[in-house]
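The values are calculated or read from the model by the stated rules, or taken from the named source; none is laboratory data. Owing to the predicted nature of the structure, the values given are computational and were not obtained by experimental measurement. A quick note on method: Cβ atoms are made from the backbone with ideal geometry, for glycine too, and the neighbour counts reach across all protein chains shown. Side chains are part of the model used for accessible areas, which takes the heavy atoms of the whole protein and leaves out ligands, DNA and RNA. Shrake-Rupley method; radii C 1.70, N 1.55, O 1.52, S 1.80 Å.
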Amino acid sequence: MPFSAEDLAGIDAVLSAADAGAGAISALRARFPGLSITLCDPSDVDTEDPFKEYERFDLHLVNGAGHCWQLTTDPNAATGIVVVKKKHSA
């Protein structure tokens, strides 16, 4: 199921909120109950450019349609997200 512009706007709203912090993942899971959401350490994806950057988080899109998951920059191919909490975040 590709991400719609509305889906991306909803993700954006949560991750760009001024108070986005530890509750951001819970908020995403509540808002998108069927979406695969993974929280990663920055070292897990340090060689990959994020799909979008926020003050406290980086967002990566995941394509899990094949045998192995892979990061993608194509919202039409994405089946989930990886959220990376930036190291300087509180």
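Top to bottom by accessible area (1.4 Å), largest first, where do 26, 36 land?
Details: 26 80, 36 40 Å².
Ranking 26, 36 by accessible area, largest first, yields 26, 36.
How much accessible surface area, in Å² rounded to 10, belongs to the heavy atoms of residue 56 with a 1.4 Å probe?
Number for this one is 70 Å².
How much area per residue is accessible in the chain when the probe is 1.4 Å and only protein heavy atoms are counted (Å²)? Intermediate values should be presented prior to the final figure.
Numbers: 5360 Å² over 90 residues.
Averaged over the residues of the chain, the accessible area is 60 Å².
State to the nearest 20 debye the size of the charge dipole of the chain about its Cα centre, where the only charges are +1 on K and R beta carbons and -1 on D and E beta carbons.
The calculation lands at about 280 debye.
For a distance above 24 Å, tell me the whole-number percent of Cα pairs in the chain that qualify. Please list the in-between numbers first.
Details: 484 of 4005 pairs.
Tail of P(r) above 24 Å: 12 percent of Cα pairs.
Of all accessible surface on the chain at a 1.4 Å probe, what whole percent is carbon and sulfur?
Percent of accessible area from carbon and sulfur atoms in the chain: 50.
Per-residue ellipticity at 222 nm for the chain, helices alone: DSSP H runs ≥ 4 residues times -39500 (n - 2.57), over residue total, nearest 500 deg cm²/dmol? Don't skip to the answer; put the middle values down first.
Values: 2 runs with 20 residues, N = 90.
Calculated from helices alone, the mean residue ellipticity at 222 nm is -6500 deg cm²/dmol.
From the phi angles alone, apply the Karplus equation (6.51, -1.76, 1.60; θ = phi - 60°) to region 6-23 and give each ³J(HN,Hα) in whole Hz, x where the residue is Gly or Pro.
In residue order, the calculated couplings are 5, 4, 4, 5, x, 4, 4, 4, 5, 6, 9, 4, 4, 9, 4, x, 4, x Hz.
Could you check what % of the DSSP bridge pairs in the chain are antiparallel, to the nearest 5? Before the final figure, lay out each step's value.
Details: 11 of 16 bridges.
Rounded to the nearest five, the antiparallel share is 70 percent.
Placing +1 at every Lys and Arg Cβ and -1 at every Asp and Glu Cβ, with all other atoms neutral, what dipole size does region 1-53 have around its Cα centre, in debye to the nearest 20?
Once rounded to the nearest 20, the dipole reads 340 debye.
Return the Cα extents of region 14-61 along principal axes one, two and three, sorted largest first, each rounded to a whole Å.
30, 25, 16
Starting from the amide H of residue 78, placed 1.01 Å from N in the peptide plane, find each other amide H under 5 Å away whose residue is 5 or more places distant or on another chain.
Those lying under 5 Å, H to H, from residue 78 are 3.
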